[in-house]
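See structure below.
The values are calculated or read from the model by the stated rules, or taken from the named source; none is laboratory data. Just so we're clear, the structure is a prediction, and the values are computed from it rather than from any experiment. Here the Cβ is made from the backbone with ideal geometry for all residues, glycine too, and neighbour counts use every protein chain on show.
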Amino acid sequence: MSRILEGGLSDGIERRGIMLVLSSPSGAGKSTIARNLLDNVSNLTMSVSVTTRPRRGSEIDGVHYHFISKREFERLRESDALLEWAEVHGNFYASPRDPVEKAMAEGRDMLFDIDWQGGLQLAEKARGDVVSIFVLPPSMTELQARLNRRAEDSPEVIEKRLANALIEIPHWRDYDYVVINDDLNRAFHQVEAILVAERLRRDRRPGLFDFEKTLGAKA
């Protein structure tokens, strides 16, 4: 996969940033798709969530999540420093406000790898800026197989994640787009295509008014 300049945009026209929200049941592939987007699409920054859950062996603090205590989470929540937050599998997750607002002010897109609760909160607060995509597994059998192959959770945790998936899956109805991840490469390109199309929307490109003037067109 080759890196795509501006996700298909190279005309230099000023546009407004996007909050790209990816949600899915645990194990459906949203985090892998998110990593591929960051590796292959320019002008896209990950919103690194804070979480109170323990760090897995493969995770790096500040890269995958900011791992914090429950007390610190409560302090951030009470000081309105969080754009959204949710309790998932008994742990808290949230998106810090300041990095997102800074990126949007600079015209950069922000990528959110969050659950449906956080996705709905963002949509309520910034509907015009949010593009939401729900990633579904091809089957529950495959979802369970992926969780087992990941080999990072105990059997009890996997069982809990599968039970929660049955609650999470119906929320695809609340999202703008739905991608079924039966083939990772195809799912990635579908998400990428959504991002390219949303970046081309006229209501996200205020620079078109100045561009029109260079064409000598009359309103």
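Quick look at the numbers
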quantity	calculated
Qualifying positions in the stretch 62-91 - of a type in the set (A, V, I, L, M, F, W, C) and under 17 Å from the mean Cα position of the chain (by Cα)	63, 82, 83, 85, 86, 88
Among residues of the stretch 136-154, those that are in a helix (DSSP H, G or I) and of a type in the set (A, V, I, L, M), counted	4
Residue list for the stretch 84-135, restricted to those being in contact with a Ser or Thr (Cβ under 8 Å, 6 or more places away or on another chain), in a strand (DSSP E or B) and either over 25 Å from residue 197 (Cβ atoms) or without any contact (Cβ under 8 Å) to a residue 12 or more places away in the chain (or both)	85, 91, 92, 93, 94, 96
Which listed residue is modelled with pLDDT of 90 or more and part of a strand (DSSP E or B), from 38, 20	20
Selection within the stretch 174-217 - under 22 Å from residue 89 (Cα atoms) and not in a helix (DSSP H, G or I)	175
Selection within the stretch 165-193 - of a type in the set (A, V, I, L, M) and in contact with an Asp or Glu (Cβ under 8 Å, 6 or more places away or on another chain)	none
Hits in the stretch 57-83 (condition: loosely packed, with under 12 Cβ neighbours inside 10 Å and in a loop (DSSP other than H, G, I, E, B))	57, 58, 60, 62, 63, 69, 79, 80
Residue check, residue 109 within 29 Å of residue 42 (Cα to Cα), modelled with pLDDT under 90 and in contact with a helix residue (DSSP H, G or I) (Cβ under 8 Å, 6 or more places away or on another chain)	no
Lone qualifier among 151, 126, 145 - being surrounded by fewer than 15 Cβ atoms within 10 Å (Cβ to Cβ), among the hydrophobic types (A, V, I, L, M, F, W, C) and under 22 Å from residue 85 (Cβ atoms)	126
Test: residue in the stretch 155-173 that is assigned to a strand (DSSP E or B), within 21 Å of the chain's Cα centre (by Cα) and of a type in the set (Phe, Trp, Tyr)	no
Checklist (1) charged (D, E, K, R); (2) surrounded by 15 or more Cβ atoms within 10 Å (Cβ to Cβ); (3) more than 30 Å from residue 212 (Cβ to Cβ) applied to residue 108, failing item	(3)
Residue in the stretch 155-165 that is touching a Pro at 6+ places or on another chain (Cβ under 6 Å), crowded, with 16+ Cβ neighbours inside 10 Å and not hydroxyl-bearing (Ser, Thr, Tyr) present	yes
Residue check, residue 41 within 25 Å of residue 157 (Cβ to Cβ) and of a type in the set (A, V, I, L, M, F, W, C)	no
Residue match in the stretch 191-212 (condition: surrounded by 15 or more Cβ atoms within 10 Å (Cβ to Cβ), touching a helix residue (DSSP H, G or I) at 6+ places or on another chain (Cβ under 6 Å), within 25 Å of residue 57 (Cα to Cα) and of a type in the set (Val, Ile, Thr))	no
Unmet criterion (only one of (1) among the charged types (D, E, K, R); (2) surrounded by 13 or more Cβ atoms within 10 Å (Cβ to Cβ); (3) touching a Leu at 6+ places or on another chain (Cβ under 9 Å)) for residue 101	(2)
